[in-house]
1. Residues of the range 51-67 being more than 23 Å from residue 165 (Cβ to Cβ) and part of a helix (DSSP H, G or I), which ones?
2. So which residues in the range 76-124 are crowded, with 16+ Cβ neighbours inside 10 Å, aliphatic (A, V, I, L, M) and outside any helix (DSSP H, G or I), if there are any at all?
3. Got a number for residues in the range 183-208 being without any contact (Cβ under 8 Å) to a residue 60 or more places away in the chain, within 12 Å of residue 137 (Cβ to Cβ) and surrounded by 14 or more Cβ atoms within 10 Å (Cβ to Cβ)?
4. Please enumerate the residues belonging to the range 146-183 that are β-branched (Val, Ile, Thr), outside any loop (DSSP other than H, G, I, E, B) and closer than 30 Å to residue 69 by Cα.
5. Just a yes or no: is a residue in the range 218-225 among the aliphatic types (A, V, I, L, M), in contact with a strand residue (DSSP E or B) (Cβ under 8 Å, 6 or more places away or on another chain) and modelled with pLDDT under 85?
6. Could you pull out the residue among 7, 3 that is buried (at least 17 other Cβ atoms within 10 Å of the Cβ) and closer than 21 Å to residue 164 by Cβ?
7. Could you tell me whether residue 161 is touching a residue at least 60 places away in the same chain (Cβ under 8 Å) and of a type outside the set (A, V, I, L, M, F, W, C)?
Amino acid sequence: MFTVALTGGIASGKSTVARCFSGLGVSVIDADQISRELIDNIPEISLQLAARFGSSIFKENKSLDRAALRAIIFANPKDRYWLERLLHPLIYREIQRRIQNASGLYCLVVIPLLLEGGTSVLLKKKPVADNYIKLDRILLVSTSKELQTQRAYERDHLQRPQIDAILAAQISSVESLKQADDIIYNQSNLQSLHQASKALHAQYLSYLKTPLEEPAFLGYYLAFKYE
């Protein structure tokens, strides 16, 4: 199935773009949503989190306090890397499964850390092992750091030091623009964002009629470093 990876920094507008594509009949697979489901449904993961970070990351009802965990991992890169090594292989495998079972016009896979390369690597050549996700194009949602900061504060009630720590952990906008095949600049209003998404959707639909060897199907393999 034709598969587009959607990525972008914090508060760039990825979720809004994903909802727009979903409304157009595209199968949307969200890595962050899968992460939440894994933590909520696999007791072994909660036990490992408690052993590493203590009981303070859980609320009174035993559910994960994601804000508390986020504060810890973005204050300590080693903790963030440990968490990514724990969860990312499980997330990637679930993404593989959902792509295989998708029923939409094509797939849009939301992977915020696609370009960071912490626990995965983007390859142009197919790996020998089957620990990879096949992607056809990379779609980046880009916005200014000022707007990211403003939106993260208003949406998530994050303070400036925490926002700065999250931005520092993500790939720079200059580098991400170099690696993307398609870009939506989210600098204006919601209507403009929807229009840009619909225009790309029409472009992607045209690719479904394109022979696989044509340049439109650029092709990447997101290979897992750890399992």
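The values are calculated or read from the model by the stated rules, or taken from the named source; none is laboratory data. Just so it is clear, the structure is predicted and the values come from calculations on it, not from any experiment. Here Cβ is always computed from backbone atoms with ideal geometry, including for glycine, and neighbour counts include all displayed protein chains.
1. 51, 55
2. Matches in the range 76-124: 102, 105, 108, 109, 110, 111, 113, 114, 115, 122.
3. Count: 1.
4. 149, 163, 166, 174
5. The answer is yes, given that some residue of the range 218-225 is among the aliphatic types (A, V, I, L, M), in contact with a strand residue (DSSP E or B) (Cβ under 8 Å, 6 or more places away or on another chain) and modelled with pLDDT under 85.
6. Details: 3 fails: closer than 21 Å to residue 164 by Cβ.
Sole residue among the options that is buried (at least 17 other Cβ atoms within 10 Å of the Cβ) and closer than 21 Å to residue 164 by Cβ: 7.
7. On the way: touching a residue at least 60 places away in the same chain (Cβ under 8 Å): no; of a type outside the set (A, V, I, L, M, F, W, C): yes.
Against the criterion (touching a residue at least 60 places away in the same chain (Cβ under 8 Å) and of a type outside the set (A, V, I, L, M, F, W, C)), residue 161 does not qualify.
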